[in-house]
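Here it is, the structure, as structure tokens.
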Amino acid sequence: MIFGATGDLAKRKLFPSLFHLFRKGRISKKFAVVGVARRDWTHETFQSHVRDSVLTSIGQSEDIEEFISHFYYQPHDVSNSESYIKLKELADQLDTKYELQGNRIFYLAMAPEFFGTITDHLKSEGLKDTNGFHRLVIEKPFGHNLPSAEKLNTQIREAFIEDDIYRIDHYLGKDMVQNIEVIRFANALFEPLWNNRYISNIQVTSSETLGVEERGRYYEKSGALRDMVQNHMLQMVALLAMEPPIRLTTDEVRSEKVKVFRALRPIEGEEIEDYFVRGQYDKGSITEGDLTGYRDEVNVDPESNTETYVAGKLMIDNFRWAGVPFYIRTGKRMSSKATKIVVQFKDIPMNLYYNPEEPLAPNLLVIHIQPEEGITLHLNAKHSGDKLKTKTVKLSYSNTGIHGMNTPEAYEKLLHDCMLGDATNFTHWDEVKLSWSFVDKISEYWERTEEKSFPNYASGSMGPKAADDLLEKDNFFWWPIHNLEVDKC
Ligand code: NAD
């Protein structure tokens, strides 16, 4: 059952992902999808909506009619018990028709303010009273800070146990994010070096070229810290920093990630200035033309103190990582759209190839998350012909070239995992709790103190100068994104 089935997320992500699973045979013929939303639609209207959204996403397909015949619609008012009684009647009929054995997934593709009301009613109106499994999938944002997340969690835990709650962080469904573990734990080459003796720093960048578009109202209350850092950025850091789990089971992986969050150096008050930088985009231009500043966007306060960019230095105070900064940065209206991880290795103990014009570059392992997918290893090799001169060579693996259109979308993988009951790539409450308590200290401080320099970076740039200074203090610099691309040859 998809609550919010007439919305944007369902249309752009959920229906096409379900269709891919259907076409690949990952969903048996015994399934039904009930769309639940406010509009007074019929089953047929909903089916044609699903057909349109799938075809817009993938083009023509002969399986589409069979696929949409499994879709049903139930007009719904979230706070009205009568709506749930009708939904239960429909669900029970479909259970019999498709022999579903009472297995149900409730996907809440709606604003979080409705989550508690919906889960209360699912329980009280008996939608969970079947013999099969009952799983709840919820979208971000999971709360606005720790107290609101705790409140939300307490509410949904009244109806669902933790093991049945699937909190989506769609970054965890991305192929190359899942690849972090494989690169680390399946290569004898990397794991011995994966510590403070050989790594000097790690940089995680997630940049967007778009501004807030029509989401100004939401973004004013959220900002980049809550929208990106609390979830996606910290999750990537946890995967990079965690100890090898003893097994790749949900509990073991989550428990290692939780340990990373527990080891994050807590920062508060004025010391936040030493670790975090906030930015807000000004006017500027990208190839598409001139762009407005954040304060001129629709539904944005002309004196807004909301950050559209965050750069930060995270220290993980444990044996493996003591002394190694993890730099993160994320922002809107930056010069390129990319999510990349750069692992910078320490310099070799002695440089035999001293060249004042071209210093020996450090080895880098670059993990390209999106839109490029792949891995690049930067090594030094001999410049052909020139005696004793070195140059950087890139060994590249590009995922996109190999799988092309078949690379599953993050949502496709996550939906499939949920059907299989595998919650490894969803966030456990303990992770949510620890990441909010880290981020809350920063957002509270930023809310208390106005950033006088806002707007402080031009649209189409890579962020404010203060973000460069953050690394320069430690004698590092952000590796320029455009120089890191996977070589096409
Ligand atoms: P949307 O506004 O496009 O859709 C909201 C849906 O909720 C609609 O189907 C609407 O009919 C339904 N709804 C709203 N009030 C209702 C009520 N009182 N009773 C019954 N139905 C009601 O929102 P969206 O963009 O699809 O996002 C849904 C959720 O997913 C949000 O929590 C959002 O933060 C999250 N999310 C969305 C995206 C995305 O790409 N759109 C990405 C990540 C997370």
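Residues in region 338-384 that are closer than 14 Å to ILE481 by Cα, of a type in the set (D, E, K, R) and at pLDDT 95 or above: how many?
1
Moving on. Checking SER57 against (1) within 15 Å of the ligand (Cβ to nearest atom); (2) at pLDDT 95 or above, which test does it fail?
In the conditions (1) within 15 Å of the ligand (Cβ to nearest atom); (2) at pLDDT 95 or above, SER57 misses (2) alone.
If you don't mind, there's one more thing I want to ask. What pairs come up if the first residue lies in region 202-220 and is in a helix (DSSP H, G or I), the second is within 14 Å of the ligand (Cβ to nearest atom), and their beta carbons are under 8 Å apart, counting only those six or more places apart or on different chains?
Hits for this filter: TYR219/VAL212; TYR219/ASP227.
Let me ask something else about it. I'd like the full set of residues that are closer than 15 Å to ASN153 by Cα and without any contact (Cβ under 8 Å) to a residue 24 or more places away in the chain, limited to region 112-135.
Within region 112-135, just GLU113 meets the criteria.
Next question. Can we say ASP282 is among the charged types (D, E, K, R), over 30 Å from TRP429 (Cβ atoms) and crowded, with 17+ Cβ neighbours inside 10 Å?
So ASP282 fits the description; yes.
Which residue pairs have Cβ atoms under 9 Å apart, sit 6 or more places apart or on different chains, and have a first residue in region 47-71 that is within 17 Å of LYS24 (Cα to Cα) and a second that is of a type in the set (Lys, Arg) and surrounded by fewer than 14 Cβ atoms within 10 Å (Cβ to Cβ)?
GLU66/LYS29; HIS70/LYS29
I need a count of the residues in region 158-199 that are within 15 Å of ASP430 (Cα to Cα) and touching a residue at least 60 places away in the same chain (Cβ under 8 Å).
Residues flagged as within 15 Å of ASP430 (Cα to Cα) and touching a residue at least 60 places away in the same chain (Cβ under 8 Å) within region 158-199 amount to 7.
Among the residues of region 144-170, write down those that are under 16 Å from the mean Cα position of the chain (by Cα), within 12 Å of the ligand (Cβ to nearest atom) and closer than 15 Å to THR119 by Cβ.
Residue satisfying the conditions is ARG167 alone.
One line per residue, one yes/no per condition, for (1) at pLDDT 95 or above; (2) more than 16 Å from the ligand (Cβ to nearest atom); (3) of a type in the set (A, V, I, L, M, F, W, C):
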| site | (1), (2), (3) |
| --- | --- |
| SER53 | yes, no, no |
| LEU87 | yes, no, yes |
| ALA91 | yes, yes, yes |
| LYS97 | yes, yes, no |
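Could you list, in sequence order, all residues of region 1-28 that are touching a residue at least 60 places away in the same chain (Cβ under 8 Å), within 16 Å of the ligand (Cβ to nearest atom) and part of a loop (DSSP other than H, G, I, E, B)?
MET1, GLY4, ALA5, GLY7
Results for (1) part of a strand (DSSP E or B); (2) surrounded by 21 or more Cβ atoms within 10 Å (Cβ to Cβ); (3) at negative phi, shown as yes or no for each residue.
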| residue | (1), (2), (3) |
| --- | --- |
| ILE105 | yes, no, yes |
| GLY116 | no, no, yes |
| LYS128 | no, no, yes |
| ARG135 | yes, no, yes |
| LYS140 | no, no, yes |
| TYR166 | yes, yes, yes |
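Condition check: among the hydroxyl-bearing types (Ser, Thr, Tyr), out of contact with any Pro (no Cβ under 7 Å at 6 or more places or on another chain) and assigned to a helix (DSSP H, G or I). Does SER148 satisfy that?
yes
Going by the conditions given, is ILE180 touching a Leu at 6+ places or on another chain (Cβ under 8 Å) and among the β-branched types (Val, Ile, Thr)?
Yes.
Give the residues of region 258-298 that are within 25 Å of the chain's Cα centre (by Cα) and among the polar types (S, T, N, Q), sorted by residue number.
GLN280
If you go through region 29-42, how many residues are farther than 23 Å from GLY132 by Cβ and more than 13 Å from the ligand (Cβ to nearest atom)?
Total satisfying the criteria: 1.
For every residue, the table says whether it meets (1) of a type in the set (Gly, Ala, Ser); (2) on the phi < 0 side of the Ramachandran plot; (3) more than 13 Å from the chain's Cα centre (by Cα).
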position	(1), (2), (3)
GLY173	yes, yes, no
ARG197	no, yes, yes
GLY211	yes, yes, yes
ALA224	yes, yes, no
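Specify which of the listed residues (ASP290, ASP282) is part of a strand (DSSP E or B), in contact (Cβ under 8 Å) with a residue 12 or more places away in the chain and out of contact with any helix residue (DSSP H, G or I) (no Cβ under 7 Å at 6 or more places or on another chain).
Just one listed residue meets the conditions, ASP282.
Would you confirm whether any residue within region 181-195 is buried (at least 18 other Cβ atoms within 10 Å of the Cβ), away from the ligand (no atom under 16 Å from the Cβ) and more than 15 Å from VAL343 (Cβ to Cβ)?
no
Additional query: Select from region 151-163 the residues that are crowded, with 19+ Cβ neighbours inside 10 Å and not in a loop (DSSP other than H, G, I, E, B) and list them in ascending order.
Hits for region 151-163 are LEU152, ASN153, ILE156.
Does LYS123 satisfy being assigned to a helix (DSSP H, G or I), among the charged types (D, E, K, R) and within 14 Å of the ligand (Cβ to nearest atom)?
No, not satisfied.
Please specify each residue of region 204-243 satisfying the condition of being surrounded by fewer than 24 Cβ atoms within 10 Å (Cβ to Cβ), among the aliphatic types (A, V, I, L, M) and within 18 Å of ARG333 (Cα to Cα).
If the condition is that a residue be surrounded by fewer than 24 Cβ atoms within 10 Å (Cβ to Cβ), among the aliphatic types (A, V, I, L, M) and within 18 Å of ARG333 (Cα to Cα), then LEU210, VAL212, LEU225, MET228 are the ones that fit.
Name the residues in region 455-489 that are in contact with a strand residue (DSSP E or B) (Cβ under 6 Å, 6 or more places away or on another chain) and loosely packed, with under 12 Cβ neighbours inside 10 Å, would you?
ASP487
In addition: When LEU414 is evaluated against the numbered criteria (1) outside any helix (DSSP H, G or I); (2) buried (at least 17 other Cβ atoms within 10 Å of the Cβ), which criterion, by number, is the only one it fails?
Unmet for LEU414, out of (1) outside any helix (DSSP H, G or I); (2) buried (at least 17 other Cβ atoms within 10 Å of the Cβ): (1).
Do we have LEU434 as of a type outside the set (Phe, Trp, Tyr) and not in a helix (DSSP H, G or I) here?
no
The values are calculated or read from the model by the stated rules, or taken from the named source; none is laboratory data. This one's a predicted model, so the numbers in the text were calculated from it and none came from an experiment. Here the Cβ is made from the backbone with ideal geometry for all residues, glycine too, and neighbour counts use every protein chain on show.
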